[in-house]
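For reference, the structure is listed below as structure tokens.
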Amino acid sequence: MELVTNRQIEDAAIAHVLRMEEAAERTAADTRGSGALADIEGDRLIEVKAYGRSARGSDLWLEPRQVEAAQADPLRFHLMIVENVRQGDPAGFQVLDITGDLLVRMLERKREKH
């Protein structure tokens, strides 16, 4: 079943990452809408960016407080890009987990926008 709305795509991506965390025996909870720092919090802080198709060429937007948290603890903060969600089958989702040194290098190139 093809997912059409942005909310459907986001919900599917979050559910997929939560299943990944559960399979890895890590605690994780969906904290969207609670004022939390990231979409998923538990053993790790995970900001999920969901894309219906490819994220290639897209900007990755983070709140200033998320940038600060990522810089303070780049091993705990994870930026997970979930692509190919629109088609609806989690087996076809592609997940890129950006953390640690890669996250630090990306943040060094950040540009603030308002």
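The table below lists the values:
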| quantity | calculated |
| --- | --- |
| Per residue accessible area in Å² of the chain, where ligands, DNA and RNA are left out and the probe is 1.4 Å | 62 |
| In sequence order, calculated HN-Hα J values of region 57-65 (Karplus, 6.51, -1.76, 1.60; Hz; x Gly/Pro) | x, 8, 6, 10, 8, 10, 6, x, 5 |
| log10 of Debye I(q)/I(0), alpha-carbon scatterers only, for the chain at 0.13, 0.16, 0.21 Å⁻¹ | -0.48, -0.74, -1.24 |
| Contour minus Cα-Cα distance for residue 6 and residue 87 (0.36 nm per residue) | 27.9 nm |
| In region 42-83, trypsin sites (Lys or Arg not before Pro) in a DSSP loop with at most 10 other beta-carbon atoms within 10 Å | 56 |
| Compactness index (Cα Rg / 2.2 N^0.38 Å), region 15-81 | 1.11 |
| Selection from 87, 74, 46 lying farthest towards where the dipole of region 25-114 points positive, charges on Cβ | 87 |
| Longest segment of the chain lacking GluC sites (Glu not before Pro) that sit in a DSSP loop with at most 12 other Cβ atoms within 10 Å | 26-111 |
| Debye, to nearest 20: dipole size of the chain, +1 on Lys, Arg Cβ, -1 on Asp, Glu Cβ | 440 |
| Selection from 29, 16, 60 lying farthest towards where the dipole of the chain points positive, charges on Cβ | 60 |
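The values are calculated or read from the model by the stated rules, or taken from the named source; none is laboratory data. All of these numbers come straight from a predicted model, not from anything done at the bench. Counting neighbours? That spans all protein chains shown, and the Cβs are built from the backbone with ideal geometry, glycine included. Ligands, DNA and RNA are stripped out before the accessible areas are found, and what is left, the full protein with its side chains, is counted by its heavy atoms. Shrake-Rupley method; radii C 1.70, N 1.55, O 1.52, S 1.80 Å.
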